[in-house]
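All remarks here apply to the structure that follows.
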Amino acid sequence: MIDPDRFEYMRARLKERVKPSRYMHSLGVSQTAEQLARIYGANENDAAVAGLLHDWDKALPASELKRIAKKHHLAPKTVRKNMPGVLHALTAPRSLRKEFPELSDEVLQAIERHTCGADDMSDLDMIVFIADIIEPGRTFADVAPLRAAVGQVDLDELFYMAYKSTLIYLLDADMSIHPDSLEVWNGIVSQRAQRMEARKSRVIVIE
Ligand SMILES: [Fe+2]
Ligand SMILES: [Fe+2]
C-alpha cells in the first residue's frame with residue numbers, strides 16, 4: 001500500500017521526467033487502471049501506482065533505451081533495432097526499483113508487461129495493459145468497443161479484445177511486431193477457446 005503523500009511525490013517526479021502530454025496520459029492510465037481494479041476486484045492502489053508509472057522511461061532517447069536493454073539483456077538485437085518503442089517497458093523496472101524501493105514486484109511486473117504482455121498475465125498486468133489503451137485521452141477509432149465492454153465482459157475477455165486491437169493497429173500501420181507477441185496471442189486464443197468450451201459444457205449440464 002502506497003500512502004497518499006508518497007503517491008503525490010511519485011506524481012511530481014513523473015511530471016519532471018516526461019513531457020506534459022505523456023504526464024496527462026499517465027494520469028489517465030492511473031485513473032482508468034484504478035477504476036478497472038474496482039470493477040474487477042483487483043488491488044486499486046497497485047493499479048493506480050502501476051498506471052501512473054508505466055511510461056516512466058518513455059522520455060529516454062532511443063539510444064539510451066537500446067544501451068540499457070543491451071547491457072542488461074532485456075531484448076534481442078532485432079527488437080532493440082526494429083522495435084525501440086517497446087523498450088521503455090522493459091527498462092523501467094530497474095530505475096523504478098532504485099527510485100521507489102517500496103514498489104512491489106507485482107507493480108513492477110505490470111509495468112514491464114504493458115507493451116508486449118506475457119503468456120501468464122496477472123489481473124494487475126491485464127488491467128494496466130488495458131488502461132493504457134482505453135484511458136480517456138486515447139482517440140483512435142477502435143477504442144469505443146473496448147470502453148463499452150468494461151464491466152460487461154470478464155477481464156480475460158477484455159484483455160483478449162485489447163490485445164487483438166493492438167495487433168490489428170500494428171499490422172494496419174505496417175509496424176514491426178515483437179516476436180514474443182505471437183506466442184502471447186496464441187496463448188490468449190487457446191485459453192479463450194478453453195473458456196468457451198467450459199462455458200458450453202456448463203450450459204449443456206444446465207439444460
Ligand atoms: Fe508505454
Ligand atoms: Fe502508455
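Peptides 91-98, 139-146, 19-26, ordered by how many other C-beta atoms sit within 10 Å of their residues on average, highest first, read 91-98, 19-26, 139-146.
Principal semi-axes of the equivalent ellipsoid, √(5λ) from the alpha carbon gyration tensor of segment 156-207, are 30, 11, 7 Å from largest down. For the chain, lysine pairs separated by 8 or more sequence positions, or belonging to different chains, with Cα-Cα distances below 19 Å total 13. In the chain, Cα pairs under 8 Å separated by at least six residues give a relative contact order of 20 percent. The calculated 222 nm mean residue ellipticity attributable to helices in the chain amounts to -22500 deg cm²/dmol, summing -39500 (n - 2.57) over DSSP H runs of n ≥ 4 and dividing by all residues.
A convex hull fitted to the Cα coordinates of the chain yields 129 cubic angstrom per residue. One Cα centroid belongs to segment 143-165, the other to segment 177-193; the line between them spans 16 Å. Stretching the chain fully between residue 189 and residue 71 yields a gain of 39.1 nm (0.36 nm per residue, less the alpha carbon separation). Put simply, when 1-9, 60-68 are sorted by average Cβ atoms within 10 angstrom per residue, most first, you get 60-68, 1-9. Screening the chain for whole DSSP H helices of 15 Å or more along their axis (Cα) with average Kyte-Doolittle hydropathy at least 0.5 returns 123-134, 155-172. The length gained on full extension between residue 202 and residue 21, counted as 0.36 nm times the residue separation minus their Cα-Cα distance, comes to 60.4 nm. Dimensions of segment 108-207 based on its C-alpha atoms, expressed as ranges along the principal axes with the largest first, amount to 46, 30, 28 Å.
Values quoted throughout were computed directly from the atomic coordinates according to the rules given, and no laboratory measurement underlies them. Only a predicted model underlies this, so the values are computations on that prediction, with no experimental measurement involved. Cβ atoms come from the backbone with ideal geometry, glycine included; neighbour counts cover every protein chain shown.
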